[in-house]
Amino acid sequence: MMRYDARLAIEEALTALGLFHGKVPHKMRLGLCSRSGDVIEPMLTPQWYVNCNSMAKRATDEVRKGNLKIVPETEESTWYKWLDNIRDWCVSRQLWWGHRIPAYFARIRGESRVDKNDEEQHHRWFVARTQVEAQRQAAEALAVPVEDVLLEQDEDVLDTWFSSGLFPFSVFGWPNVTEDFKKFYPTSLLETGSDILFFWVARMVMMGLELTDTLPFKTVYLHSMVRDKNGMKMSKSLGNVIDPLEVVSGCHLDQLLQKIKDGNLSEKEVKRASEAQKVDFPEGIPECGTDALRFGLLAYTGQGRSINLDIKRLVGYRQFCNKQWNAVRFAVTYLTDFTPSPTMHLDIAGAKYSSKRDLFILSKLNKTITDCNANLGNYIFGAVATALHSFFIYDLCDVYLELIKPVVGHAARVEEGAEPVSLEVTERQKFAKATLYTCLEQYLRLAHPLMPYVTEELWQRLPLRSCMNPEVESIMVARYPTEQDTWSNPAVESDMQVVTEAIHAARSLRADYRIANSTKTRFYFRSESKDVQRALREQTDDFCTLARGASLEHVAADGVLPAGCSVKVVSEQLALHIDLTGVINVADEVKRLSKELAKLTPQVEQYRKKMSISGYQQKVPVEVQQINTQKLASYESELATISSAIESFQSMMSNTEQERAS
C-alpha cells in the first residue's frame with residue numbers, strides 16, 4: 001500500500017473504532033524536490049556499511065609519519081578530525097547507475113517465500129567477488145547442494161565515493177597486476193579541492209592502503225575554492241557562476257541571460273539570476289584568453305583558501321599578456337643581427353665589457369629563477385606569479401630595456417657615419433644583446449607553466465633559437481631554468497637601487513614643473529656617502545637615459561649650487577637638485593600656480609564648512625562622509641603642493657635678484 005493510501009486507511013480505521021477525534025491544520029517544514037516539486041519524505045531501508053576503523057588509522061598514521069604530505073599543512077587538522085573520529089561508512093545508494101553491491105541473498109529451491117529484509121534472515125546474505133563464489137559460500141552455510149541455492153543480488157549500488165576511491169589503481173587494470181599498474185601506480189601528486197578532502201581523498205588513501213598495501217600518491221595539493229567577487233559560493237540559482245570558457249572567449253550579456261533561461265531553474269530563480277548577471281556584467285564578460293585566466297587564478301592563490309574572482313583583475317592579466325607580446329617583439333628588433341650561443345649566458349658576468357646594467361638584470365633574473373623554483377616546489381603559485389610579473393614589468397621593461405636603447409641603438413648611428421666604431425662600443429653592444437637574449441629566453445621558460453600559449457609563441461619567434469639547443473623543438477620540453485651562482489650580485493643590485501631612486505626623484509621634479517620630455521635638464525646631487533657617490537658616478541649615463549638629463553654632477557656639502565635650482569630629498573643620504581634656469585619662466589610659473597591656488601582655495605573652504613555644520617556626523621550618511629573626507633584630503637594635499645611650489649619659485653626669484661644686486 002502506498003503511503004498516501006495508508007494515511008487514508010488509518011483515518012478510516014480510527015473512525016470505525018471511534019478513536020478519531022478530528023484533524024486541525026499543523027504548520028511544519030515540508031521538503032520539496034527542486035526538480036519535480038514532490039514531497040521528500042524519509043524512508044528507512046536496510047543499508048550496507050563498511051567498518052573503517054583500521055583503514056582510517058593507517059591513513060592518519062601515514063600523514064603523521066610524513067609519508068603522505070598534505071598541502072597546505074593547515075588542512076592536516078581536518079584530516080585528523082574526520083579520520084580519528086571515523087564512523088561506519090554507509091555504501092548503499094538507490095540509484096540506476098553505479099557499481100552494483102556484490103551482496104547476494106540466498107534462498108533454497110522449493111522453500112516458501114523468505115523476506116530478505118527480515119532481520120532474522122541476515123545470515124542468508126553473502127558478499128563475494130563473483131556470483132559463483134557467493135553460491136558456494138551459501139551452499140556451505142545452509143548445508144544444501146550448490147544447485148539448490150537461488151541467489152538474488154542486492155539492487156543497491158555502491159556509494160559514488162566508494163567507486164571513486166578505487167580510481168587510482170582500478171584504471172590500471174587492478175586487481176590484475178598489469179604492466180600499466182606496475183609502471184604508473186602509485187602516482188606522486190593529487191591535486192583537488194579541500195571540500196572533498198574526506199569524501200574522496202581519504203577514501204582513495206584508505207582503499208589504496210587496504211587493497212594494494214601502498215599509498216596511491218605521496219602528496220595532496222588542495223587548491224583554493226573559486227568564489228564570486230563578493231566571496232559567495234558560485235550557484236546557478238544566484239546567477240554568479242562564471243564559466244571559464246566565457247572568460248576565455250568573451251560573452252555578451254544577452255548570451256549570459258539566454259543561457260540562464262535555457263537552464264532548468266524555476267521562474268523565480270531565473271529572475272534572481274538574471275538580475276545578478278546584469279549587475280555583475282552590464283556589458284558582458286570581456287575576452288581574456290586562456291593564459292590570462294590561468295595566470296590570474298594562480299596569482300589569486302596568494303590571498304588564501306578562497307579566490308574571490310573579479311573579472312576586472314583578469315582583464316588586467318590579459319593586458320599583462322599583451323605587454324609581454326609587445327615588449328618581446330620589440331626587444332627582438334634589437335637582436336636581428338645577433339647570433340646566440342649555448343654558453344653565452346655563462347660568459348657575461350665575468351666579461352670585461354659587461355656593464356652594471358647587464359650584471360643588475362642578470363642578478364634580478366637569477367633571484368626570479370630561485371624564487372620560482374622554490375615556490376613551485378612548495379606549491380606557492382601566487383608567489384611565482386608575483387615574481388614573474390615583478391621581474392618582467394619593473395626590472396626588464398621599465399629599467400633594462402630603456403637603459404640599453406642608447407647602447408644597441410648606437411649601431412644605427414654608426415651606419416649613418418655620425419661617429420667611428422670602437423671596440424668598446426661593439427663589445428658593449430654584443431654583451432647587451434647577449435644579456436637581453438638570455439633574459440627573454442629564460443623568462444619565457446620560467447613563465448611557460450603559468451602562461452603556456454603566449455610563451456610558446458614568443459619563444460618560437462626568438463631569432464636563431466636553434467643555435468641554443470637544436471634538439472629542443474618546443475618550449476614544453478625545454479629544461480626549466482636553474483639558478484646560476486655567478487649571476488648573483490647583491491652589490492650591483494644595491495647600487496642600482498640608489499640609481500633608480502634618484503631617477504624616480506628626477507622624474508617627480510620634472511613632473512612638478514611640467515617640463516616637456518623633449519627638454520633635457522641638468523641635475524646635481526649631494527651626498528656624504530661614498531657608496532652613493534660611486535654608484536651615481538659609475539651609472540651617470542643610465543641616470544641621464546631614464547631621467548632625461550643632460551648631465552649629473554656631484555656637489556660637495558660646502559659647494560655652491562647654481563642659481564635657479566630646485567631640490568628633492570631622496571633619502572637621508574641623498575638630495576637631488578634640478579637646474580631650472582632657462583627651462584621654465586619662474587614669474588609665469590608663479591602666476592599660473594597662483595591662479596590654480598585661487599580656484600582651489602574656495603573648494604577647500606567649502607568642504608571644511610560643509611563638514612563642520614552642526615549635526616553633520618549624525619545626519620549625513622556614512623558613505624557620503626567618507627567621500628567628502630577623501631575629497632577634502634585630496635584638495636588639501638594639492639593645495640599644499642601648489643603653495644610649496646609657489647614659495648620655492650618666489651625664493652628662487654629672490655635669490656636671483658640678490659645675485660644680480662651683488
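The values are calculated or read from the model by the stated rules, or taken from the named source; none is laboratory data. Nothing here was measured: the structure is a model prediction, and the numbers come from that model. Virtual Cβ from ideal backbone geometry, glycine too; neighbours counted across all protein chains shown. Please note that ligands, DNA and RNA were not included when accessible areas were found on the heavy atoms of the full protein model with its side chains. Shrake-Rupley method; radii C 1.70, N 1.55, O 1.52, S 1.80 Å.
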- prompt: Which value, in Å to one decimal place, does the Kirkwood hydrodynamic radius take for the stretch 420-490 when every pair of different Cα atoms is included?
  reply: 13.8 Å
query: Expressed in nm to one decimal, what extension gain is obtained for the pair Ser249 and Leu14 from 0.36 nm per residue of sequence separation less their Cα-Cα distance?
result: 77.9 nm
message: Quick check: the angle from helix 267-280's long axis to the longest principal axis of the chain, C-alpha only, nearest 10 degrees?
response: 20 degrees
query: For the chain, what is the percent of antiparallel DSSP beta bridges, rounded to the nearest 5?
result: 65 percent
message: Could you compute the net charge surrounding Asp154? Neighbours are other residues with a C-beta less than 13 Å from the C-beta of Asp154; K and R count +1, D and E count -1.
response: +1
task: Specify which residue in the list Ala516, Ser527, Val569 is farthest towards the positive end of the charge dipole of the stretch 496-574, using unit charges on the beta carbon of Lys, Arg (+1) and Asp, Glu (-1), about the Cα centre.
output: Ala516
field: Net length gained if the chain between Cys33 and Thr45 were fully extended (0.36 nm per residue, minus Cα distance)
entry: 2.3 nm
- prompt: Just in the stretch 245-313: which trypsin sites (Lys or Arg not before Pro) are loop by DSSP and have at most 14 other Cβ atoms within 10 Å?
  reply: Arg305
field: Accessible area of the chain belonging to carbon and sulfur atoms, whole % at 1.4 Å probe
entry: 53 percent
field: Net length gained if the chain between Val620 and Thr130 were fully extended (0.36 nm per residue, minus Cα distance)
entry: 168.6 nm
- prompt: Let a ≥ b ≥ c be the square roots of the eigenvalues of the Cα gyration tensor of the stretch 29-78; is it rounded (a/c under 1.5), or, if not, prolate (a/b larger than b/c) or oblate?
  reply: oblate
message: I'd like the FRET efficiency for Asn264 and Lys233, computed as 1/(1 + (r/R0)^6) with the beta carbon distance as r and R0 of 25 Å, rounded to 0.05.
response: 0.80
- line: Taking Cα atoms, the helix 311-332 axis meets the longest principal axis of the chain at an angle in degrees (rounded to 10) of 50 degrees
statement: Among Val24, Trp89, Leu68, the residue whose Cα sits farthest towards the positive end of the charge dipole of the stretch 5-124 (+1 at Cβ of Lys and Arg, -1 at Cβ of Asp and Glu, taken about the Cα centre) is Leu68
Neighbour-limited loop hits for chymotrypsin sites (Phe, Trp or Tyr not before Pro), the stretch 77-159 (at most 11 other Cβ within 10 Å; DSSP other than H, G, I, E, B): Trp96, Trp97
Average accessible surface area per residue within the stretch 315-382, 1.4 Å rolling probe, Å²: 44 Å²
statement: Partner lysines whose C-alpha sits under 17 Å from that of Lys69, ignoring same-chain residues fewer than 8 away, are Lys57, Lys81, Lys218
message: Tell me the mean residue ellipticity at 222 nm calculated for the chain from its helices only (DSSP H runs of n ≥ 4, each -39500 (n - 2.57), averaged over every residue, nearest 500).
response: -15500 deg cm²/dmol
Among the listed pairs Lys405/Lys430; Lys312/Lys631; Lys65/Lys183, those beyond 20 Å (Cα-Cα): Lys312/Lys631; Lys65/Lys183
message: If I take R0 = 41 Å and measure r between the Cβ atoms of Val567 and Thr629 in this structure, what FRET efficiency does the formula 1/(1 + (r/R0)^6) give, to the nearest 0.05?
response: 0.80
message: In 10 Å bins starting at zero, report the fraction of Cα pairs in the chain per bin as a rounded %.
response: 2, 10, 13, 16, 17, 14, 10, 7, 5, 3, 2, 1, 0, 0
- prompt: Using mean Cβ contacts within 10 Å as the protection proxy, how do 550-563, 329-342, 347-360 order, highest first?
  reply: 347-360, 329-342, 550-563
query: Ordered by packing density, taken as the mean number of other Cβ atoms within 10 Å over each peptide's residues, highest first, how do 215-222, 622-629 rank?
result: 215-222, 622-629
